[in-house]
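Each remark here refers to the structure printed beneath this line.
No lab work stands behind these numbers, since they all come straight from the coordinates. The model shown is predicted, which means the values in this text are computed figures rather than measured ones. Here the Cβ is made from the backbone with ideal geometry for all residues, glycine too, and neighbour counts use every protein chain on show.
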Amino acid sequence: MSDELTPDLAATIEEAFARRDRSNMQPTIDFFENLLAEHPGNPYVLYEVGGSYDTAGQEEKAIGYYEQALPGLSGETKRKCLLQYGSTLRNLDRFDESLEVFKQACKEFPESDSLRVFKALTLQASGHGDKALATLLLLVADRIDTAEIKRYEAAIRGNAEYLATREP
């Protein structure tokens, strides 16, 4: 089987994702497990299986699927998988691993606001509240384009720099 995301496979995944019920993930898990049996080793299906287990609160099981999927993913799907993988590591109190995933992901996808937000969550959860706030302040300075924020942009960035270098 192919490791590609064909248009038919993409449509099948999108349809299943749209039908999922976050309060009862078992039908979605079953669907994606069956799809994986039809497309063994396909990284895009592996990612969806992992995401289904993750949403169902089975983070330990999700991790393995994310790890199998990541080497074969690219583009937006890879970005989403890295975010979910890093977030799941955080939820399992594996903070150093989570931070490493987010650092690498932010380098690979520097324009991703969601990666920066979830990196901040990991920083906060791991006891680095100042660095978490610094990350969010930089996101504010980079992304909120209002007269008020622009007026105080230098101060916002200065505070972010100060907070990022403080020791916990």
### Computed [θ] at 222 nm, helices only, for the chain once each DSSP H run of length n ≥ 4 contributes -39500 (n - 2.57)
-24000 deg cm²/dmol
### Summary
Answer in debye to the nearest 20: the dipole magnitude of the chain about its Cα centre, from +1 Lys/Arg and -1 Asp/Glu charges placed on Cβ, is 700 debye
### Summary
Here D for the stretch 75-137, in µm²/s, from Stokes-Einstein with a Kirkwood Rh over Cα pairs at 25 °C and 0.890 mPa s, works out to 220 µm²/s
### Query
What is the distance in Å between the Cα centres of the stretch 99-117 and the stretch 43-69?
19 Å
### Task
Send over the Kirkwood Rh of the stretch 1-43, from the inverse of the averaged 1/r over different Cα pairs, rounded to one decimal Å.
10.9 Å
### Task
Identify the chymotrypsin sites (Phe, Trp or Tyr not before Pro) of the stretch 115-168 meeting these criteria: DSSP loop state and at most 14 other C-beta atoms within 10 Å of the C-beta.
TYR152
### Query
Among the lysines, which fall within straight-line cross-link reach of LYS80, defined as a Cα-Cα distance under 21 Å, with same-chain neighbours fewer than 8 residues apart omitted?
LYS61, LYS103, LYS107, LYS119
### Query
Can you sort THR88, THR6 by how many other beta carbons sit within 10 Å, fewest first?
THR6, THR88
#### Entry: Cα Rg, Dmax, the chain, angstrom units
18.3, 56
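How long is the gain from GLU167 to ALA11 if the chain were fully straight, where each residue apart is worth 0.36 nm and the alpha carbon distance is subtracted?
My answer for the length gained is 51.3 nm.
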### Task
Could you work out the Rg to Rh ratio of the stretch 1-85, with Rh taken as the Kirkwood radius (inverse of the mean 1/r over all Cα pairs)?
0.92
## Note on the structure
Here FRET efficiency (C-beta to C-beta, ILE144 to ALA37, R₀ 41 Å, nearest 0.05) is 0.35
### Spin-label pair ASP21/LYS61, simplified geometry with 7 Å Cα→Cβ offset, distance in nm
1.8 nm
